[in-house]
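Each reported figure results from applying straightforward, stated rules to the coordinates on display, with no laboratory input. Note that the coordinates shown come from a computational prediction; the quantities given were computed from them, not determined experimentally. Positions of Cβ are backbone-derived with ideal geometry, glycine not excepted, and every protein chain shown enters the neighbour counts.
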Amino acid sequence: MKTRFNFTLTGKDWWKPFLGYWVIVLVVDALIQVMSRRVGTGSVSAAGSFVTSIVGMIILVIAQAIFTIVVLRIILPKLSIGEHAFSFRGEVGAYVGMNVGGILLTIITLGIYSPWYLKRIVSYLAAETTINGASPAFGGRPGKLLKYIFLAVWIPVIVITVIGVVIGLASFGSDLASGPTSAAMAVSVITFIAVAVFFIVLIPFFYLMYKWMIDFQWNDLSIRWKTSFWPSCFFILGQVLLTLITVGIYWPAATLRLFRYFTNATTVARGEAELGHVVFEGGIGNGFGLLWGQALLSLITIGIYLPWAYTRIARWIFDSTSVELAEATPGAV
């Protein structure tokens with residue numbers, strides 16, 4: 001049994017909160033930049049610039065939280081699967097407090113609290129979303145994500161940094177004898193290699209993090225990824241390399257291939273019995289033209305067209321996505 005998604009959102013439904021949010025972002029960013037420049041001229045103290053940056057960050061966190069709740073209240077009722085529409089009842093005050101407190105605790109704990117913060121955010125948004133009278137429950141464990149951060153980010157970054165510094169010092173010392181130009185070139189090459197390796201190393205982390213996030217229980221059904229670590233990481237790496245080799249031209253195809261790969265690996269199960277999975281049937285060629293076209297229109301209009309661009313892309317993606325379950329699955333949508 002195949003059940004399709006349907007998405008009826010239009011750009012005019014949400015362009016006002018979108019525009020308001022980005023005006024706030026641009027104004028705060030401009031203020032921070034102005035204060036930073038004045039520090040260089042001596043007209044503003046470093047402490048004043050720091051305070052401005054902190055206040056600006058708090059304003060952006062609050063604006064982002066408000067924007068998220070307002071937009072979800074607009075967007076989710078426009079999404080349905082089969083005959084059942086989604087709804088969202090999240091509150092601005094609760095979500096703002098959750099974000100401000102979570103970010104402060106993350107800063108105080110030097111990032112250690114971040115998995116618990118993310119768990120609270122995803123759990124709240126899931127619990128406030130309903131479909132067919134029930135809300136999904138998020139099952140990701142913060143301790144597991146912290147282990148991923150430690151093994152897939154902290155350790156590789158420390159190792160790469162140490163190796164890069166050792167190689168850089170040795171290379172810089174030998175090139176310095178050849179002249180400042182050679183030394184500067186060596187530093188640039190080593191920096192480029194270090195950044196490239198860093199992003200490649202992050203691929204396993206992003207895979208593990210998103211697999212951790214796709215863990216929901218809805219009624220008695222569980223929704224998870226059914227993927228393997230190394231094949232998935234190599235697939236992601238291949239799409240990233242193709243995007244880099246083509247100087248970014250390939251990015252829509254890479255995005256859609258990754259979306260199809262992981263969407264089709266999203267399974268629906270009851271206990272240990274797999275009942276079906278999500279399917280994305282959109283053509284890569286059609287999507288390639290759509291994404292590039294919407295991106296260019298957004299660029300030409302200096303971002304004003306973005307709400308309509310996002311909407312057109314989202315409608316095409318949802319219209320091309322369905323859930324395939326075994327016939328007459330009780331409790332399914």
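Here's a check for you: in the stretch 315-328, which residue that is touching a Lys or Arg at 6+ places or on another chain (Cβ under 8 Å) and hydroxyl-bearing (Ser, Thr, Tyr) is surrounded by the fewest Cβ atoms within 10 Å (Cβ to Cβ)?
It comes out as SER322.
Only one of these conditions is not met by VAL268: (1) free of Cβ contacts under 8 Å to residues at least 40 places away in the same chain; (2) on the phi < 0 side of the Ramachandran plot. Which number is it?
Looking at each condition in turn, VAL268 falls short on (1).
Working carefully through the options VAL25, VAL61, find the one that is over 30 Å from TRP316 (Cα atoms) and either of a type in the set (A, V, I, L, M, F, W, C) or touching a residue at least 40 places away in the same chain (Cβ under 8 Å) (or both).
VAL61
For the subset of the stretch 279-314 comprising residues that are crowded, with 18+ Cβ neighbours inside 10 Å and under 18 Å from THR3 (Cα atoms), which member is farthest from the chain's Cα centre (by Cα)?
GLY282
Search the stretch 254-276 for residues being within 17 Å of LEU242 (Cα to Cα) and touching a strand residue (DSSP E or B) at 6+ places or on another chain (Cβ under 7 Å), and hand back the single one that is surrounded by the most Cβ atoms within 10 Å (Cβ to Cβ).
Among them, the one singled out is ARG260.
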